[in-house]
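Notes to accompany the following structure.
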Amino acid sequence: MSALIRIRDLGREYRMGDERILALRGVTLDIHRNEYLAIMGPSGSGKSTMMNLLGCLDTPTAGEYWLNGEEVSRLTDDALARVRNREIGFVFQTFNLLPRATSLHNVELPLVYAGVRGRERRERAAAALDQVGLGHRMDHRPSELSGGQRQRVAIARALVNQPSILLADEPTGNLDSVTSDEIMRVFTQLHAGGQTVIMVTHEPDIAARTERVVVLRDGQVESDRVNRGAAA
Amino acid sequence: MPLSEALRLALQAIWTSKLRSFFTLLGILVSVAFLIVVVAIIQGMNSYVSGTLTASMIGINTFQVRRGPISVGLLDDEQVRMIAKRPLVTVEDAETVAEAVPEAIAVALQSGWPTPVAEIRFRDRTMINVTVFGITAPYQAVQDYTYLAGSPLTDQDVNGRRPVVALGHEIADKLFDNPLSAVGRRVRLDGRELTVKGVIAPKGRLLGQSFDSFVLLPFSTFEAAYGRRKTTVVSVKMPTADAIEAGMSRAEEAMRVAHRLRPGEENDFTVDKADAFVAFWKQLTSMLFTAIPAVVAIGVVVGGIVIMNIMLMTVNERTREIGLRKSLGATRADIRRQFLVEALVLTAAGGALGVLSGWALAFGVSTFTPLPARITLWSVALALAVGTGAGTLFGVYPASRASRLDPIAALRVE
Ligand SMILES: Nc1ncnc2c1ncn2[C@@H]1O[C@H](COP(=O)(O)OP(=O)(O)O)[C@@H](O)[C@H]1O
Ligand SMILES: [Mg+2]
């Protein structure tokens with residue numbers, strides 16, 4: 001079976017005036033359907049840059065990125081928006097919920113841009129909230145929810161359009177250890193249900209729960225190994 | 001994103017910051033209201049001038065033979081000097097005209113400018129600022145006066161220089177408890193004793209000016225008291241509007257013969273009809289109508305720029321939201337639509353509120369001031385179109401700025 005994600009010599013260079021920063025320098029990687037993968041590495045090693053590229057929020061300055069058999073590294077702004085909408089579910093460290101909107105409406109957002117209307121939209125959003133155990137908090141606004149609950153709303157939002165991959169950039173970075181544990185159980189559950197999950201973390205015990213760990217250093221892959229301990 | 005969704009978002013955003021939204025649309029509101037009110041007043045004046053005012057000043061289907069033209073306001077000094085050299089219009093002139101236009105319903109002579117303003121007294125009651133006209137009997141037909149009580153002035157009154165007077169309704173009303181009881185009473189007009197012959201039915205009041213606050217004297221009685229006026233006027237009432245032109249040219253011809261003017265020599269009189277007055281008014285309002293669009297345009301542009309600035313501010317404040325929406329799959333068109341619809345809803349609301357306040361103001365003006373006002377549909381349509389157009393025009397730039405934001409950079413903004 002061909003890889004869900006196929007990355008070849010991927011590079012991302014930032015220019016700040018005269019200075020050029022090579023955030024990623026030639027990353028090659030295959031990720032398959034239903035993998036559970038952690039990206040680790042020291043601060044500034046290029047993890048977020050990598051996630052933004054994988055999530056089609058950004059385009060590489062070198063190399064190729066094939067997602068689901070389609071080369072997405074050279075797409076236009078609007079084409080990338082559609083790929084993000086259909087294929088990607090993104091979970092941010094800072095949740096990024098609309099503060100004035102209810103949980104339900106926050107989760108509905110990707111469906112709005114997918115053109116799903118009215119009742120179907122509400123039902124699908126409600127189902128996604130159920131899936132993360134927040135069926136009883138649909139009418140709450142983010143300010144009325146705990147950090148863990150907010151991140152669950154964000155996960156429901158990432159899931160609602162049934163994306164090919166779920167990307168999470170340090171999803172537990174803003175949470176205490178008990179809540180982190182709770183959120184990690186949600187990811188593990190989703191993975192068990194068939195979801196492909198890629199997550200950035202710098203906490204080893206979080207990474208230990210995944211099946212494969214890719215370590216970046218200075219924008220390159222330092223190691224890429226299967227995580228024996230978590231296979232069960 | 002469907003339009004309904006964009007609309008919902010726009011309403012929500014506007015509602016969330018009500019006060020700011022209101023100030024944002026104030027510029028458009030004021031411009032639109034201004035447009036509506038001014039056009040309403042001009043339109044109101046128009047129908048007033050071409051209808052009521054003309055009819056009451058000159059008479060329906062009537063032309064005049066005068067010393068100078070009706071539209072004195074448009075004359076320059078040179079023309080005024082020319083007119084001052086002309087002979088006065090006389091009783092003989094009126095007879096000349098009457099002979100030349102036999103089909104006329106009435107040919108009247110009336111005293112003109114300067115119209116005397118008199119004091120009238122009945123027993124212990126006095127009225128000042130009463131306008132006095134000296135007329136021949138047909139004038140009452142020219143003006144379509146009907147008498148509530150008593151009878152009109154007659155040729156005999158004029159020929160016999162009788163000390164009689166016909167009272168405008170307001171005068172009779174104020175001097176007598178029952179205006180109908182005025183007939184046969186003796187009143188004093190600037191000290192001269194006159195017998196009330198009739199009371200004229202009211203014509204109403206407009207522009208704060210009563211048309212019923214006057215008295216009529218037989219022409220001879222008037223001239224004996226006040227002397228000849230500088231602009232005595234011959235009024236000729238024709239059976240139909242179509243007959244006016246032919247009557248005017250025959251009157252002109254007869255007048256030239258009577259005044260012994262040589263061919264090529266200029267008239268030493270003016271034959272004019274109500275149109276001249278209406279034309280004078282039209283010229284005045286056309287100047288206003290050219291000034292209004294400029295004023296409104298300035299208002300709308302200023303209002304539009306305010307909207308543009310506020311929208312840019314809104315886009316700035318909501319950078320994170322825009323980044324998030326883009327990261328969830330919003331295309332440029334989605335974001336552009338969201339903010340454009342917001343600008344449009346704002347200006348449309350401004351326009352609608354402007355129409356409402358304009359409407360209310362126009363209503364207030366026509367109710368509480370002597371100015372008439374008439375709302376016209378086209379001014380409402382124009383105002384709304386202009387307001388909404390400005391919204392679109394000035395909403396495009398902020399909206400397209402929002403749509404081009406880079407999602408990652410936008411999400412990083414605090
Ligand atoms: N928008 C940007 N402009 C310039 N440099 C950037 C930008 N984003 C990231 N970088 C640089 O690229 C490198 C990798 O950053 P990042 O991918 O955020 O690392 P990580 O997430 O692993 O901490 C860092 O040196 C960072 O300073
Ligand atoms: Mg990072």
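Please treat every number below as a calculation from the coordinates, not as lab data. The structure presented is a predicted model; accordingly, all values stated were derived computationally and were not measured. Cβ coordinates were reconstructed from backbone atoms using ideal geometry, including for glycine residues, and neighbour counts include every protein chain displayed.
Summarise the long-distance tail of P(r) for the range B:330-412 by giving the % of C-alpha pairs beyond 15 Å. I get 65 percent for the Cα pairs in the range B:330-412 exceeding 15 Å.
How many Cβ atoms of partner chains, on average, are near each residue of A:92-99 if near means within 10 Å of its Cβ?
On the way: counts 3, 0, 3, 0, 7, 1, 5, 2.
Counting other chains' Cβ atoms within 10 Å and averaging over A:92-99 gives 3.
Write down the Å³ per residue value for the convex hull defined by the alpha carbon atoms of the range B:290-371. Value for the range B:290-371: 107 Å³ per residue. With everything on Cα atoms, drop me the angle between helix B:91-100 and the longest principal axis of chain B, reported from 0 to 90° to the nearest 10. That works out to roughly 80 degrees. Counted by neighbouring Cβ atoms within 10 Å, the residues B:240, A:61, B:62 run from fewest to most as B:240, A:61, B:62.
Straight Cα distances below 30 angstrom link residue B:237 to the lysines B:85, B:197, B:203, B:273, B:282, with same-chain residues fewer than 8 positions distant left out.
Sort B:124, A:30 so that the residue with the fewest other Cβ atoms within 10 Å of its own Cβ comes first and the one with the most comes last.
Ranking B:124, A:30 by Cβ neighbours within 10 Å, fewest first, gives B:124, A:30.
For chain A, go through all pairs of different Cα atoms, get the mean of 1/r, take its inverse, and jot down that Kirkwood value in Å.
In chain A this quantity evaluates to 18.1 Å.
Given R0 = 35 Å, the distance between the Cβ atoms of residue A:127 and residue A:94 translates into a calculated FRET efficiency of 0.85.
So for the protein assembly as shown, considering every pair of alpha-carbon atoms, how many percent are separated by more than 30 Å? Walk me through the numbers on the way to the answer.
Values: 143075 of 208335 pairs.
Cα-Cα pairs in the protein assembly as shown separated by more than 30 Å: 69 percent.
When +1 charges are put on Lys and Arg Cβ atoms and -1 charges on Asp and Glu Cβ atoms, the dipole computed for the range A:1-122 relative to its Cα centre reaches about 480 debye.
The base-10 log of I(q)/I(0) for chain B, evaluated at q = 0.08, 0.10, 0.11, 0.14 Å⁻¹, reads -0.63, -0.78, -0.86, -1.16 [Debye formula, identical scatterers on Cα atoms, solvent excluded]. Which log10 I(q)/I(0) values, to two decimals, does the range A:61-103 give at q = 0.25, 0.30, 0.32 Å⁻¹ under the Debye formula with one point per Cα? One equal scatterer on each Cα of the range A:61-103 leads to -0.96, -1.10, -1.15. When the P(r) is computed for the range A:102-232, the part past 18 Å accounts for 57% of the Cα-Cα pairs. Highest mean packing comes first when the peptides B:4-10, B:174-180, B:398-404 are listed by Cβ atoms within 10 Å, giving B:398-404, B:4-10, B:174-180.
Between residue B:147 and residue B:305, the modelled labels are 6.8 nm apart [label points 7 Å from Cα along Cα→Cβ]. The length gained on full extension between residue B:88 and residue B:23, counted as 0.36 nm times the residue separation minus their Cα-Cα distance, comes to 17.2 nm.
Across peptide A:77-89, the mean count of Cβ atoms from other chains lying within 10 Å of each residue's own Cβ comes to 4. Relative to the longest principal axis of the Cα atoms of chain A, the long axis of helix A:118-131 lies at roughly 70 degrees.
Taken residue by residue and averaged, Cβ atoms of other chains lying within 10 Å of the Cβ of A:114-125 number 1. When shorter helices are ignored and each DSSP H run of at least 4 residues is given -39500 (n - 2.57), the per-residue value for chain A at 222 nm works out to -10000 deg cm²/dmol.
Angle of helix B:3-16 to the longest C-alpha principal axis of chain B, folded into 0 to 90 degrees and rounded to 10: 80°. Say R0 is 56 Å: what FRET efficiency, to the nearest 0.05, do residue A:205 and residue B:295 get from their beta-carbon distance? Efficiency, from the Cβ-Cβ distance: 0.20. The Rg/Rh ratio for the range B:62-272, using Cα coordinates for both the radius of gyration and the Kirkwood hydrodynamic radius, is 1.00. Highest mean packing first, where packing is the average number of other Cβ atoms within 10 Å per residue, the peptides B:97-104, B:322-329, B:83-90 line up as B:322-329, B:97-104, B:83-90. Under Stokes-Einstein, with the Kirkwood radius over Cα pairs as Rh, the value for the range B:234-308 at 10 °C and 1.306 mPa s is 96 µm²/s.
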